[in-house]
Amino acid sequence: MLNAKSLLDSLLAGVNQTAGGQGARGLADKAKEAWNNQSALGKGAIAGGLLGVLLTSGGRRLLGTGLKIGGMAAIGGLAYKAYEDWKKDQGATALPPPEQTDFLPSDAARADEMATHLLQAMIAAAKADGHVTAEERARIDAQLENLGLEGEAAALIAAELDAPLDVGRIAALATSEAEAAQIYAASLLAVDPEAPAEKGYLAMLAARLKLDPALVERLHVQAARVE
């Protein structure tokens with residue numbers, strides 16, 4: 001049976017092994033625990049494992065430029081802090097702890113579902129510049145075999161790689177505002193947000209997710225603070 005959360009965490013863990021990830025600074029106490037096991041990302045690059053092959057293809061070879069995340073918990077922590085700040089800007093009262101929300105779901109089935117969606121979002125975002133060539137796909141397929149993934153895991157990744165780029169399909173994965181924020185955060189962390197194609201993709205994704213522009217800005221602020 002596919003454990004998408006474990007798969008996502010494992011694929012991103014290769015970054016920490018490669019670049020010696022360090023903890024992020026500047027997060028509120030509620031989100032800090034989600035960032036304890038950081039993994040390093042370049043802007044538009046995840047090194048190590050399958051995602052390293054995918055996200056460093058097509059000119060996205062920027063490992064070591066400073067952007068860092070860990071697994072699913074770190075993505076949730078980033079999105080939670082951005083969401084919390086956005087709500088404070090609106091005069092809202094304090095939010096529940098992230099563990100009591102869709103940012104860090106405690107229910108195993110819900111966490112697994114969300115991890116699947118985040119993985120789908122990251123792979124889709126990585127394809128936004130259209131640079132996954134036939135040669136690069138062959139390298140990815142070879143890496144899939146080398147990773148020794150179980151059938152369901154390999155099938156999930158292959159299906160997402162083969163799927164036409166459809167921002168509406170990715171946006172439709174979100175079942176709550178919290179999940180929408182996380183899908184956007186994961187996509188943001190998987191690309192260079194200043195590259196024209198990726199920038200356009202993120203703008204379309206934010207619109208389809210129906211995210212408030214101020215929340216999108218907060219998500220970008222949090223991503224920029226990750227060191």
- Can you name every residue in the range 179-199 that is surrounded by fewer than 24 Cβ atoms within 10 Å (Cβ to Cβ), small (Gly, Ala, Ser) and not in a helix (DSSP H, G or I)? Ala195
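State all residues of the range 68-124 that are charged (D, E, K, R) and in contact with a strand residue (DSSP E or B) (Cβ under 9 Å, 6 or more places away or on another chain); if no residue qualifies, say none.
Of everything in the range 68-124, just one residue is charged (D, E, K, R) and in contact with a strand residue (DSSP E or B) (Cβ under 9 Å, 6 or more places away or on another chain), namely Lys68.
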- Within the range 168-178, can you find the residues that are closer than 13 Å to Phe103 by Cβ and in a helix (DSSP H, G or I)? Glu177, Ala178
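Conditions tested, residue by residue: (1) assigned to a helix (DSSP H, G or I); (2) at pLDDT below 90; (3) in contact with a Phe, Trp or Tyr (Cβ under 8 Å, 6 or more places away or on another chain).
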| residue | (1), (2), (3) |
| --- | --- |
| His117 | yes, no, no |
| Ile123 | yes, yes, no |
| Val132 | no, yes, no |
| Glu135 | yes, yes, no |
| Arg139 | yes, yes, no |
- Determine, yes or no, whether Ala159 is within 17 Å of the chain's Cα centre (by Cα), over 22 Å from Phe103 (Cβ atoms), assigned to a helix (DSSP H, G or I) and among the small types (Gly, Ala, Ser). no
- Note on the structure: Of (1) in contact with an Asp or Glu (Cβ under 8 Å, 6 or more places away or on another chain); (2) buried (at least 17 other Cβ atoms within 10 Å of the Cβ); (3) modelled with pLDDT of 50 or more, Gly58 fails just (3)
- Query: What number of residues within the range 200-225 are assigned to a helix (DSSP H, G or I) and closer than 18 Å to Gly168 by Cβ?
  - Reply: 10
- Message: I want to confirm something. Restricting to the range 85-114 and keeping residues that are buried (at least 19 other Cβ atoms within 10 Å of the Cβ) and either of a type in the set (D, E, K, R) or in contact with a Ser or Thr (Cβ under 8 Å, 6 or more places away or on another chain) (or both), which single residue is modelled with the lowest pLDDT?
- Response: Asp112
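The values are calculated or read from the model by the stated rules, or taken from the named source; none is laboratory data. A quick note: this is a predicted structure, and the numbers were derived from the prediction, not measured. Heads up, the Cβs are rebuilt from the backbone with ideal geometry, glycines too, and the neighbour counts pull from every protein chain shown.
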